[in-house]
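*Asks:* For reference, the structure I am asking about is given below.
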There are 2 protein chains.
Amino acid sequence: MGAALDPGAAALFVDLYELTMAASYHELGLVDPVTFDLYVHSLPPRRGYVVACGAEPALDYLEGLRFDDDAVAYLRSLRLFDEAFLRRLADLRFTGDVWAIPEGEVAFPYEPLLRVTAPLVEAQLVETSLLNGLGFQTLIATKAARVATACAGRSFVDFSARRDHGRDAALQAARAAWIGGAAGTSLVLAGRELGIELSGTMAHSYVMRFGREDEAFLAFARAYPGRAVLLIDTYDTLAGARTVAGLAPQLRADGIVPRAVRLDSGDLFELARAVREILDDAGLTEVGIFASGDLDEYRIADLVRRAVPIDGFGVGTQLGTSGDAPSLGVVYKLVEDTTGPKIKLAPDKPTLPGRKQVYRFTEHGRAAYDVLALADEPAPGGRPLLAPVLVQGRRVGPPEPLAAARARCAAAVEALPDHLRALQASGPSYPVRRSDGLAELVGRLRDERSASKGG
Amino acid sequence: MGAALDPGAAALFVDLYELTMAASYHELGLVDPVTFDLYVHSLPPRRGYVVACGAEPALDYLEGLRFDDDAVAYLRSLRLFDEAFLRRLADLRFTGDVWAIPEGEVAFPYEPLLRVTAPLVEAQLVETSLLNGLGFQTLIATKAARVATACAGRSFVDFSARRDHGRDAALQAARAAWIGGAAGTSLVLAGRELGIELSGTMAHSYVMRFGREDEAFLAFARAYPGRAVLLIDTYDTLAGARTVAGLAPQLRADGIVPRAVRLDSGDLFELARAVREILDDAGLTEVGIFASGDLDEYRIADLVRRAVPIDGFGVGTQLGTSGDAPSLGVVYKLVEDTTGPKIKLAPDKPTLPGRKQVYRFTEHGRAAYDVLALADEPAPGGRPLLAPVLVQGRRVGPPEPLAAARARCAAAVEALPDHLRALQASGPSYPVRRSDGLAELVGRLRDERSASKGG
């Protein structure tokens with residue numbers, strides 16, 4: 001993507017402890033392969049699922065990982081690392097194997113979105129970047145899927161660029177929102193980098209620069225025939241709508257129809273009804289109504305439930321920041337090394353040991369339950385969700401088109417039980433069962449740990 | 001910064017409507033200078049102020065603005081723009097004047113953080129990037145200043161990289177957090193790009209890889225003598241502390257003292273007290289206690305109020321996403337063009353017309369009130385906050401050192417009335433008065449607009 005860091009900078013996108021731990025491992029010769037799981041440890045409020053997203057860009061990062069001369073020189077300047085480790089970094093490439101749940105698939109707590117098996121130093125050094133990338137995109141794809149649910153077939157576009165947390169966030173938000181169901185984005189750079197449809201209207205400043213709405217509307221409608229979306233709330237929404245209506249004969253004479261008018265403030269339900277009537281009375285039945293202004297899935301669902309005559313929604317801040325739940329509890333945990341499966345028992349967030357696979361079981365076309373099993377354990381009738389994406393540091397195939405992830409997301413959300421797809425998920429959470437093999441392993445490791453307590 | 005886009009990509013970081021409006025302006029010959037204000041229209045919940053941040057990186061963007069061949073070629077492919085406009089873009093540089101409130105200063109709604117005067121096409125095209133950059137950094141600097149208030153003299157570091165919204169966000173968060181009062185960051189790239197102190201501990205996976213805490217602690221303490229922070233909650237926090245205590249003779253024989261132990265889960269108040277006792281009993285009085293784990297200003301304030309024996313805090317997700325208020329209502333509004341001052345009357349968010357200056361008045365060393373005045377209006381006794389930073393597209397001086405912004409922030413927050421510095425701001429909001437000249441102008445423009453309603 002266009003916001004890609006140069007390779008040395010990307011390699012330095014690590015928390016310091018990744019490097020200090022890696023240096024210690026290197027010095028002690030702890031270099032054998034290990035396995036880490038990257039997963040969500042709990043669902044954000046009101047969510048019944050997450051939409052896995054961000055794996056493809058993560059593979060770009062892993063394939064391109066290298067510490068260039070500048071990066072190594074900077075690390076040397078910290079006086080924390082010996083030359084042997086710095087030489088290891090200069091030669092380091094990511095040589096591991098990665099399995100992933102495909103982008104757009106729905107997932108649940110403790111299901112590995114990514115399973116990384118690599119020499120310990122490599123597996124450790126990629127933690128920060130993987131968490132950052134997968135966590136944010138999964139957060140936004142999930143939010144977008146919720147907005148799509150609220151829209152119930154109407155369209156929405158990503159207008160979040162100005163309020164997102166930096167430019168990289170805006171690019172990633174446009175991508176994740178599109179996978180989650182957005183029809184397009186206002187962000188031009190995202191259009192270029194991702195090939196997704198661009199969408200735009202006009203700003204209040206455009207009307208203000210003309211001083212008169214009629215002149216501004218005429219100028220814009222003529223500049224973009226058939227595509228112009230006219231913003232009508234700069235001074236007074238209904239007066240703005242009447243101005244558009246008054247221009248109808250003139251526009252018709254020119255053979256021009258604006259695509260839509262846009263509401264951006266006030267009571268969108270009442271205003272949309274009144275504006276629809278004004279437009280229809282002027283014969284502008286083909287001019288749509290587009291709405292924006294602090295929208296989120298809750299406000300859209302309310303409007304749609306009341307059958308508001310709005311054709312499309314622009315969703316900005318709340319979509320691109322996942323405003324009601326702006327972070328996701330993604331973690332990256334050691335689950336196995338050459339001495340065997342590993343467990344962490346800290347009371348808040350225990351881990352599940354061993355290399356695992358996730359199987360989904362469906363009944364009557366609906367997702368019924370998942371089974372978390374050990375990687376080599378059969379689960380007859382279940383569909384395995386984790387697939388290999390990187391083998392010895394190289395992709396197993398070309399990057400998947402974004403449209404495939406988008407289609408997968410729509411189908412996966414559709415297949416969810418209604419109470420989990422709801423904007424206020426309620427009732428029992430989705431069943432994620434542990435296989436017999438996994439349950440036995442957890443019990444055995446807990447017993448061993450108790451026996452050696454404090455060891 | 002290291003996350004800088006290439007110039008063409010940076011130029012394409014615009015909402016589509018900036019380009020469609022600019023093309024229309026260009027075609028109509030509306031090319032004279034205009035002035036836009038960038039400001040916060042309302043404070044996020046619980047906030048009594050914001051900390052202005054992000055102006056310096058914005059100047060880098062403005063100075064470097066150019067549409068390269070690839071950018072122009074992409075825009076041509078959209079079939080929205082004529083060749084004359086594309087040629088204008090190919091030649092475009094930012095040639096305007098910019099005034100800014102210095103980074104680290106506190107500010108209030110409707111006070112321009114940035115005032116941009118430039119030819120209309122240029123001023124329009126920079127909107128998205130300016131809002132994105134200033135908005136996010138102001139959000140995070142404000143959050144960090146609140147965390148600093150909660151810490152009441154203890155130190156905190158930015159641990160947010162893994163949960164921030166992309167890599168650019170993490171770099172910017174490290175910068176804004178440091179300006180707001182953080183002692184350092186865990187993000188290595190931010191250390192290199194910004195020259196701020198790096199901080200790090202160890203992860204649970206390190207302990208898990210050894211399987212035994214004593215071996216892991218010894219290895220890490222020896223690898224980083226005097227600097228190691230030992231994470232003691234992988235299995236059981238108090239057992240972990242006793243393990244450190246048990247190693248004391250061995251470490252002392254080696255001449256090694258760990259810098260601190262780290263708590264990352266459980267009841268931090270009770271655990272810190274018990275751990276402090278265990279360490280002190282073993283003679284490890286110089287070993288500090290560092291705490292992390294879903295911390296924010298509210299939890300820290302509660303711990304500090306109870307005199308918890310914690311020496312430093314690692315603050316991650318909540319700091320880097322401003323978790324309790326993850327967006328800021330920043331807007332960029334036309335306030336003047338060659339025909340005179342401009343106003344927008346939409347009921348939710350009216351604008352204030354004209355080129356303005358902000359004056360701060362202090363009483364007994366405390367900020368007492370601000371006056372929003374027209375740019376050429378005197379305000380005796382007030383300190384002007386907006387200063388010129390870019391003249392005809394060039395910086396008026398070298399970039400300010402980050403430390404100056406950090407010092408300014410500490411002083412400005414200290415000078416606030418107590419009820420506004422509080423984590424739950426209450427009572428009257430900070431007085432931002434309108435000068436006579438501004439009040440008269442608003443009245444006149446409202447009257448004119450009413451007279452020509454619907455025009």
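The values are calculated or read from the model by the stated rules, or taken from the named source; none is laboratory data. Just so it is clear, the model here is predicted, and its values are computed rather than measured. Glycine gets a Cβ as well: all are built from the backbone with ideal geometry, and neighbour counts include every protein chain shown.
*Asks:* Would you confirm, using the coordinates I've provided, whether residue A:207 is within 28 Å of residue A:311 (Cα to Cα), surrounded by 24 or more Cβ atoms within 10 Å (Cβ to Cβ) and either in contact with an Asp or Glu (Cβ under 7 Å, 6 or more places away or on another chain) or among the polar types (S, T, N, Q) (or both)?
*Replies:* When the stated conditions are applied, residue A:207 passes them.
*Asks:* In region A:359-387, what residues are of a type in the set (D, E, K, R) and surrounded by fewer than 20 Cβ atoms within 10 Å (Cβ to Cβ)?
*Replies:* A:363, A:366, A:376, A:377, A:383
*Asks:* Then there's this: Could you tell me whether any residue of region B:61-83 is of a type in the set (Lys, Arg), outside any helix (DSSP H, G or I) and exposed (fewer than 15 other Cβ atoms within 10 Å of the Cβ)?
*Replies:* yes
*Asks:* Test residue A:353 against the stated conditions and say whether it is more than 30 Å from residue B:166 (Cβ to Cβ) and within 14 Å of chain B (Cβ to nearest Cβ).
*Replies:* yes
Residues checked against (1) over 18 Å from residue B:202 (Cα atoms); (2) surrounded by fewer than 17 Cβ atoms within 10 Å (Cβ to Cβ); (3) away from chain A (no Cβ under 14 Å); (4) touching a residue at least 12 places away in the same chain (Cβ under 8 Å):
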{"site": "B:243", "(1), (2), (3), (4)": "no, no, no, yes"}
{"site": "B:253", "(1), (2), (3), (4)": "yes, yes, yes, no"}
{"site": "B:258", "(1), (2), (3), (4)": "no, no, no, yes"}
{"site": "B:261", "(1), (2), (3), (4)": "no, no, yes, yes"}
{"site": "B:265", "(1), (2), (3), (4)": "no, no, no, yes"}
{"site": "B:281", "(1), (2), (3), (4)": "yes, yes, yes, yes"}
{"site": "B:287", "(1), (2), (3), (4)": "no, no, yes, yes"}
{"site": "B:290", "(1), (2), (3), (4)": "no, no, no, yes"}
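*Asks:* Condition first: under 15 Å from residue A:127 (Cα atoms), crowded, with 24+ Cβ neighbours inside 10 Å and free of Cβ contacts under 8 Å to residues at least 60 places away in the same chain. Now tell me which residues in region B:161-204 satisfy that.
*Replies:* Answer for region B:161-204, where residues must be under 15 Å from residue A:127 (Cα atoms), crowded, with 24+ Cβ neighbours inside 10 Å and free of Cβ contacts under 8 Å to residues at least 60 places away in the same chain: B:166, B:187, B:188, B:200.
*Asks:* Okay, moving on. Got a sec? Which of B:98, B:50, B:34 is buried (at least 17 other Cβ atoms within 10 Å of the Cβ) and within 13 Å of another protein chain (Cβ to nearest Cβ)?
*Replies:* B:34
*Asks:* So which helices (runs of 4 or more DSSP H) stay within region B:388-455 end to end and still have 1 or more residues that are away from chain A (no Cβ under 14 Å), at pLDDT 95 or above and under 27 Å from residue A:210 (Cα atoms)?
*Replies:* B:436-451
*Asks:* While we're here: Would you pick out the residues in region B:119-159 that are within 9 Å of another protein chain (Cβ to nearest Cβ) and part of a loop (DSSP other than H, G, I, E, B)?
*Replies:* B:159 - this is the single residue of region B:119-159 that is within 9 Å of another protein chain (Cβ to nearest Cβ) and part of a loop (DSSP other than H, G, I, E, B).
*Asks:* Look through region B:55-76, keep the residues that are more than 14 Å from chain A (Cβ to nearest Cβ) and more than 9 Å from residue B:7 (Cα to Cα), and return whichever of them is nearest to the chain's Cα centre (by Cα).
*Replies:* B:55
*Asks:* Of everything in region A:184-198, what is within 8 Å of another protein chain (Cβ to nearest Cβ) and either touching a Lys or Arg at 6+ places or on another chain (Cβ under 6 Å) or part of a strand (DSSP E or B) (or both)? Give them in sequence order.
*Replies:* Once the filter is applied, which keeps residues that are within 8 Å of another protein chain (Cβ to nearest Cβ) and either touching a Lys or Arg at 6+ places or on another chain (Cβ under 6 Å) or part of a strand (DSSP E or B) (or both), region A:184-198 yields A:187, A:198.
*Asks:* Tell me yes or no: at least one residue of region B:343-360 is touching a Lys or Arg at 6+ places or on another chain (Cβ under 9 Å), of a type in the set (Asp, Glu), assigned by TED's automatic domain parsing to the domain that holds residue B:446 and not in a strand (DSSP E or B).
*Replies:* Scanning region B:343-360, I find no residue that is touching a Lys or Arg at 6+ places or on another chain (Cβ under 9 Å), of a type in the set (Asp, Glu), assigned by TED's automatic domain parsing to the domain that holds residue B:446 and not in a strand (DSSP E or B), so the answer is no.
*Asks:* Then there is this: Any idea which residue in region B:205-216 is nearest to residue B:406 (Cα to Cα), counting only those that are part of a helix (DSSP H, G or I) and without any contact (Cβ under 8 Å) to a residue 24 or more places away in the chain?
*Replies:* Taking the candidates together, the pick is B:205.
*Asks:* I've got another one for you. Check residue B:116 against each of (1) touching a helix residue (DSSP H, G or I) at 6+ places or on another chain (Cβ under 7 Å); (2) of a type in the set (A, V, I, L, M); (3) in a helix (DSSP H, G or I) and name the one condition it does not meet.
*Replies:* Just one mismatch for residue B:116, condition (3).
For (1) exposed (fewer than 13 other Cβ atoms within 10 Å of the Cβ); (2) closer than 30 Å to residue B:172 by Cα, each residue gets a yes or a no:
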site	(1), (2)
B:308	no, no
B:349	no, yes
B:355	no, yes
B:389	no, yes
B:398	yes, yes
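*Asks:* Can you tell me how many residues within region A:203-224 are more than 7 Å from every other protein chain (Cβ to nearest Cβ) and in contact with a Pro (Cβ under 9 Å, 6 or more places away or on another chain)?
*Replies:* So the answer is 2.
Conditions tested, residue by residue: (1) touching a Ser or Thr at 6+ places or on another chain (Cβ under 8 Å); (2) of a type in the set (A, V, I, L, M, F, W, C); (3) not in a helix (DSSP H, G or I); (4) not assigned by TED's automatic domain parsing to the domain that holds residue B:206.
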{"position": "B:248", "(1), (2), (3), (4)": "no, yes, no, no"}
{"position": "B:257", "(1), (2), (3), (4)": "no, yes, yes, no"}
{"position": "B:269", "(1), (2), (3), (4)": "no, yes, no, no"}
{"position": "B:272", "(1), (2), (3), (4)": "no, yes, no, no"}
{"position": "B:283", "(1), (2), (3), (4)": "no, no, yes, no"}
{"position": "B:289", "(1), (2), (3), (4)": "no, yes, yes, no"}
{"position": "B:300", "(1), (2), (3), (4)": "no, yes, no, no"}
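*Asks:* Is it the case, given these coordinates, that residue B:8 is in contact with a His (Cβ under 9 Å, 6 or more places away or on another chain) and either touching a residue at least 40 places away in the same chain (Cβ under 8 Å) or away from chain A (no Cβ under 11 Å) (or both)?
*Replies:* So residue B:8 does not fit the description; no.
*Asks:* Step by step: first the residues of region B:84-111, then only those that are basic (Lys, Arg) and part of a helix (DSSP H, G or I), then the one that is farthest from residue B:335 (Cα to Cα). Which residue is that?
*Replies:* It comes out as B:87.
*Asks:* Further question on the same structure: List the number of the failed condition for residue B:424; all other conditions in (1) under 22 Å from residue B:103 (Cβ atoms); (2) under 23 Å from the mean Cα position of the chain (by Cα) hold.
*Replies:* The number of the failed condition is (1).
*Asks:* Within region A:191-207, does at least one residue satisfy the condition of being under 17 Å from the mean Cα position of the chain (by Cα) and hydroxyl-bearing (Ser, Thr, Tyr)?
*Replies:* No, because not a single residue in region A:191-207 is under 17 Å from the mean Cα position of the chain (by Cα) and hydroxyl-bearing (Ser, Thr, Tyr).
*Asks:* May I pose another question? Among A:335, A:304, A:391, which is the only one that is in the same structural domain as residue A:273 (by TED's automatic domain parsing) and touching a residue at least 60 places away in the same chain (Cβ under 8 Å)?
*Replies:* Among A:335, A:304, A:391, only A:304 is in the same structural domain as residue A:273 (by TED's automatic domain parsing) and touching a residue at least 60 places away in the same chain (Cβ under 8 Å).
*Asks:* Now for a different question. Those residues that are part of a helix (DSSP H, G or I) and in contact (Cβ under 8 Å) with a residue 12 or more places away in the chain, I need them from region B:217-238; list them, please.
*Replies:* Once the filter is applied, which keeps residues that are part of a helix (DSSP H, G or I) and in contact (Cβ under 8 Å) with a residue 12 or more places away in the chain, region B:217-238 yields B:217, B:218, B:220, B:221, B:222, B:237, B:238.
*Asks:* I'd like to check something: does region A:58-68 contain any residue that is over 30 Å from residue A:403 (Cα atoms) and in contact with a Phe, Trp or Tyr (Cβ under 7 Å, 6 or more places away or on another chain)?
*Replies:* no
*Asks:* What number goes with the only condition from (1) within 25 Å of residue A:317 (Cβ to Cβ); (2) in contact with a helix residue (DSSP H, G or I) (Cβ under 8 Å, 6 or more places away or on another chain) that residue A:223 does not pass?
*Replies:* In the conditions (1) within 25 Å of residue A:317 (Cβ to Cβ); (2) in contact with a helix residue (DSSP H, G or I) (Cβ under 8 Å, 6 or more places away or on another chain), residue A:223 misses (1) alone.
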